[in-house]
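Just so it is clear, none of the values below were taken in a lab; they were calculated from the coordinates. Just so we're clear, the structure is a prediction, and the values are computed from it rather than from any experiment. For neighbour counting, all protein chains shown are included, and Cβ atoms are generated from backbone atoms with ideal geometry for every residue, glycine included.
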Ligand SMILES: NC(=O)c1ccc[n+]([C@@H]2O[C@H](COP(=O)([O-])OP(=O)(O)OC[C@H]3O[C@@H](n4cnc5c(N)ncnc54)[C@H](OP(=O)(O)O)[C@@H]3O)[C@@H](O)[C@H]2O)c1
């Protein structure tokens, strides 16, 4: 039997990178998948290449109304939620502390922290007992990277929030876990707005800090997102699983 047979999974930021790889894997494992993203055209492009039972919903996670819409359209189509993967996130341009602006802070926190929290608030009344909530955090909460202060703070905030949520939903046997990827090859780096050579140098620096000496792939992270969402992880709750080639450990 497929690992997610008949499960309904909502994935934010599913038009790209880790979210898209996870959506593809969940579909292969029998889930009904709601792929959400903020750009309708990107979602349409992705939808044309996918097979299985899925819908797409255009929703900007930083907007309360859009989170309501995401869950409303999910319930209209599938009636319940088993898996909620809060994956959407941004880094934006690396910014040292003396250059941080209120705009930069608000944008990163609104997408990375407010978004998941409001999506969970909307989803909880529609989640099946024994469902699963999954955050996409990062190893940046365990290692310091210059210029990534605001981004790292958002991921630390999610980890703290996750512990509270794990307790709040325990009576419903909902498991709440996180993935903490190390450097993964995805479009997130191109979206930082850095010149190509600077971006490449930064990438080499990241890879050097990984004991396995390389970036990971979205598919490698998706496999962990499948494991944590499936019954294979039925007694795993409240954890953060590093998918980082060992970067956080040495
Ligand atoms: N790649 C890494 O090295 C790495 C490492 C650790 C953690 N992570 C985390 O992994 C998650 C996925 O990132 P990725 O690497 O797969 O990058 P990605 O390919 O850029 O995917 C991020 C997704 O989030 C979406 N998104 C951004 N802002 C949004 C908003 N306001 N509303 C809805 N969707 C929004 C993006 O949409 P657009 O296409 O419109 O931008 C995209 O679909 C993020 O939370 C990131 O922090 C990544």
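A few remarks follow.
- FRET efficiency, 1/(1 + (r/R0)^6) with R0 30 Å, evaluated for residue 236 and residue 28 via beta carbons: 0.85
- Rounded to the nearest 10 degrees, the inclination of helix 149-168 to the longest alpha-carbon principal axis of the chain is 30 degrees.
- Nearest 10 degrees, 0 to 90: helix 17-28 Cα axis against the chain principal axis: 30
- Here the chain was treated as a single set of alpha-carbon atoms; its pair distances binned every 10 Å from 0 give 7, 33, 39, 18, 3, 0 percent.
- Maximal additional length on extending the residue 64-residue 98 stretch stands at 9.2 nm, based on 0.36 nm per residue less the C-alpha distance.
- From least to most packed, judged by other beta carbons within 10 angstrom and beginning with the fewest, 145, 227 follow the order 227, 145.
- Shown for 114, 32: other C-beta atoms within 10 Å of each C-beta, ranked fewest to most, produce the order 114, 32.
- Relative intensity, log₁₀ I(q)/I(0), of the range 111-169 from a Debye sum that treats every alpha carbon as a point, q = 0.14, 0.21, 0.31 Å⁻¹: -0.43, -0.83, -1.38
- Distance in nm between pseudo-label sites at residue 217 and residue 143 (7 Å out along the Cβ direction from Cα): 2.1
- The range 58-151: translational diffusion in µm²/s, Stokes-Einstein, Kirkwood Rh over Cα pairs, 10 °C, 1.306 mPa s: 109
- Model label sites at residue 164 and residue 80, defined 7 Å from Cα along the beta-carbon direction, differ in position by 2.9 nm.
- Rg and Dmax of the range 73-125, based on Cα coordinates, read 15.1, 48 Å.
- Footprinting exposure proxy for 250, 111, 179 (fewest neighbouring C-beta atoms within 10 Å first): 250, 111, 179
- With both labels modelled 7 Å from their Cα along Cα-to-Cβ, the residue 204 to residue 192 distance reads 1.4 nm.
- Mean residue ellipticity (222 nm) of the chain, computed from DSSP H runs ≥ 4 via -39,500 (n - 2.57), nearest 500: -12000 deg cm²/dmol
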